[in-house]
Amino acid sequence: MNKPTVQDIFCRFYPAYMEQYYPSAIQMKTAHNIINCKTGAYGSNTSICEDCGKIHIHHNSCRNRCCPMCQAIPKEVWMDARREDVLDAPYYHLVFTVPDILNPVILSNQKLLYDALYHAASATISELTADPKYLGAKVGYICILHTWGSEMNFHPHIHTILLGGGLTTENRWKDNGNDFFLPIRVISKVFHGKYLEELKLLWKQEKLQFYGSSEKYHNRYVFQELLDTCHAMEWVPYCKKTFNGAQSVINYLGKYTHRIAISNYRIISMDEKTVTFSVKDYHNEGQWKNLTLSGIEFIRRFLMHVPPKRFVRIRHYGLLCSRTKKKKLTLCRNLLGCQKYLSKLREMEMPEILEHLYGINICVCKVCGGHLGKLQKRFPLRC
């Protein structure tokens, strides 16, 4: 028997999940998309071999950003486009996290407090890198939101890919070599101050909502106690050592940009009631182990990580801001004396992309090797 997929799990357990829970509209849409992806529900393309007459049917995908079957091509195309933004300079990987006690509040106010994570992280980097004591330059960086841990538990955090140098006010390149230039303790102090400041402001403006275990924070004294507890805690950002070379940066980016809560390769087995999948045990040096959940709990955890409607997960800042990116990056390349890496997929159509990336020629008959005629679109009677 083939290993089960996320789609198989949703097909089996989603009706039972709906009897116990009341998902949001965007969560229901995601579940519907996953269940119907590549089944013909979203239309199909047919082509006929001009030599043997064999009919080939290709079902359309759902293109949902949370569907594990729809991430490969968008990830490759996005990574290829980013080739033009990469410099031959050091890069760093920073992770900004918040204390677990804030999770109920964040879960009740996802869009507002996810945005606050971006605001605090970007303000921290911009403020510290502009300080001559640390660098004194404007840098470029990408922020990506993840909301899950290995067990699909709720763990919101921001991954940041940070350029290890930037432009001074005199438009000169400045860096500190391969040494990371921002003290982790300073990052922690500034980040947690900025995040809690915005959290407090949102509460004063009465923009926050509280559900379930967070309902107690309607009370101003209880909410203030939460803020005091968070202020007293040590927030621990993470920094990974540098990596050089355009291709290594691009490959590293791809690990984070289009990742979802769980991919199909981690799912081990499924029976009538449970799902077993592999997780990292961070209490045991990141060793892999198996975790078994009920099918309903698996779906509950998966849907918990569906982002709000039209929420932008990948954001560009500083030198990578779209308004000035072309001009600033050209200046950086001239100052560094490095070449511009050109996109390989930009001018390609989908058949060419598939052949380039995976060696799949969709214009060749799999039966006789003959030429397939032009694709004919077919749409379902209902979706």
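I'd like to know if the stretch 269-277 contains one or more residues that are under 15 Å from Trp148 (Cα atoms) and of a type in the set (S, T, N, Q). No, the conditions are met nowhere in the stretch 269-277. Only one entry in Leu226, Leu253 is surrounded by 17 or more Cβ atoms within 10 Å (Cβ to Cβ) and under 30 Å from Met69 (Cβ atoms), namely Leu253. Is it fair to say Glu234 is without any contact (Cβ under 8 Å) to a residue 60 or more places away in the chain and under 24 Å from Ile161 (Cα atoms)? Criteria met by Glu234. Annotation note: of Gly245, Gly254, Gly295, Gly286, the sole residue that is at pLDDT 95 or above and not aromatic (Phe, Trp, Tyr) is Gly295.
Taking the condition more than 30 Å from Lys326 (Cβ to Cβ) and over 28 Å from the mean Cα position of the chain (by Cα), does His192 pass? No: the conditions fail for His192.
Could you tell me whether Tyr114 is under 25 Å from Lys174 (Cα atoms) and either outside any helix (DSSP H, G or I) or assigned by TED's automatic domain parsing to the domain that holds Glu198 (or both)? No. Per the listing Ile314, Ile268, the residue uniquely surrounded by 13 or more Cβ atoms within 10 Å (Cβ to Cβ), modelled with pLDDT of 90 or more and closer than 27 Å to Tyr17 by Cα is Ile268. Residues considered: Ser108, Ser24, Ser44. Of these, the only one that is touching a strand residue (DSSP E or B) at 6+ places or on another chain (Cβ under 6 Å) and either hydroxyl-bearing (Ser, Thr, Tyr) or surrounded by 18 or more Cβ atoms within 10 Å (Cβ to Cβ) (or both) is Ser44. Scanning the stretch 295-311 for residues that are part of a loop (DSSP other than H, G, I, E, B) and surrounded by 11 or more Cβ atoms within 10 Å (Cβ to Cβ) yields a total of 6. Within the stretch 324-346, the set of residues being more than 18 Å from Thr169 (Cβ to Cβ) and either of a type in the set (Asp, Glu) or assigned to a loop (DSSP other than H, G, I, E, B) (or both) comprises Gly337, Cys338, Gln339, Lys340, Tyr341, Leu342, Ser343, Lys344, Leu345, Arg346.
Per-residue answers, yes or no, for (1) of a type outside the set (A, V, I, L, M); (2) surrounded by fewer than 14 Cβ atoms within 10 Å (Cβ to Cβ); (3) touching a Pro at 6+ places or on another chain (Cβ under 8 Å); (4) in a helix (DSSP H, G or I):
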site: Trp203; (1), (2), (3), (4): yes, no, no, yes
site: Leu208; (1), (2), (3), (4): no, no, no, no
site: Glu215; (1), (2), (3), (4): yes, yes, no, yes
site: Trp235; (1), (2), (3), (4): yes, no, yes, no
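So for the stretch 116-125 (the condition being crowded, with 18+ Cβ neighbours inside 10 Å, of a type in the set (Val, Ile, Thr) and touching a helix residue (DSSP H, G or I) at 6+ places or on another chain (Cβ under 9 Å)), does at least one residue qualify? Checking the stretch 116-125: at least one residue is crowded, with 18+ Cβ neighbours inside 10 Å, of a type in the set (Val, Ile, Thr) and touching a helix residue (DSSP H, G or I) at 6+ places or on another chain (Cβ under 9 Å).
Can you pull out every residue in the stretch 54-82 that is part of a loop (DSSP other than H, G, I, E, B) and out of contact with any Gly (no Cβ under 7 Å at 6 or more places or on another chain)? Within the stretch 54-82, Lys54, Ser61, Cys62, Arg63, Asn64, Arg65, Cys66, Cys67, Pro68, Met69, Cys70, Gln71 qualify.
Return yes when His155 is under 14 Å from the mean Cα position of the chain (by Cα), surrounded by 19 or more Cβ atoms within 10 Å (Cβ to Cβ), assigned by TED's automatic domain parsing to the domain that holds Cys239 and not acidic (Asp, Glu) and no when it is not. In short, no.
Every residue, every condition in (1) modelled with pLDDT under 95; (2) under 23 Å from Arg301 (Cβ atoms), yes or no:
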| site | (1), (2) |
| --- | --- |
| His32 | no, yes |
| Tyr42 | yes, no |
| Asn45 | yes, no |
| Glu50 | yes, no |
| Arg65 | yes, yes |
| Cys70 | yes, yes |
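Kindly check whether there is at least one residue in the stretch 180-187 that is over 26 Å from Ser322 (Cα atoms), out of contact with any helix residue (DSSP H, G or I) (no Cβ under 9 Å at 6 or more places or on another chain) and part of a helix (DSSP H, G or I). Yes; the residues of the stretch 180-187 include at least one that is over 26 Å from Ser322 (Cα atoms), out of contact with any helix residue (DSSP H, G or I) (no Cβ under 9 Å at 6 or more places or on another chain) and part of a helix (DSSP H, G or I). Annotation: Glu151 fulfils all but one of (1) part of a loop (DSSP other than H, G, I, E, B); (2) without any contact (Cβ under 8 Å) to a residue 12 or more places away in the chain; the unmet one is (2). Residues that are surrounded by 16 or more Cβ atoms within 10 Å (Cβ to Cβ) and hydrophobic (A, V, I, L, M, F, W, C) were ranked within the stretch 54-77; the one that is farthest from Met304 (Cα to Cα) is Val77. Taking the stated definitions as given, is Arg220 out of contact with any strand residue (DSSP E or B) (no Cβ under 8 Å at 6 or more places or on another chain), over 17 Å from Tyr195 (Cα atoms), at pLDDT below 95 and charged (D, E, K, R)? Against the criterion (out of contact with any strand residue (DSSP E or B) (no Cβ under 8 Å at 6 or more places or on another chain), over 17 Å from Tyr195 (Cα atoms), at pLDDT below 95 and charged (D, E, K, R)), Arg220 qualifies.
For the stretch 159-176, residues that are at pLDDT 95 or above and under 15 Å from Ile144 (Cβ atoms) total 0.
The values are calculated or read from the model by the stated rules, or taken from the named source; none is laboratory data. As the structure is a computational prediction, the values presented were derived from the model and not from experiment. Here the Cβ is made from the backbone with ideal geometry for all residues, glycine too, and neighbour counts use every protein chain on show.
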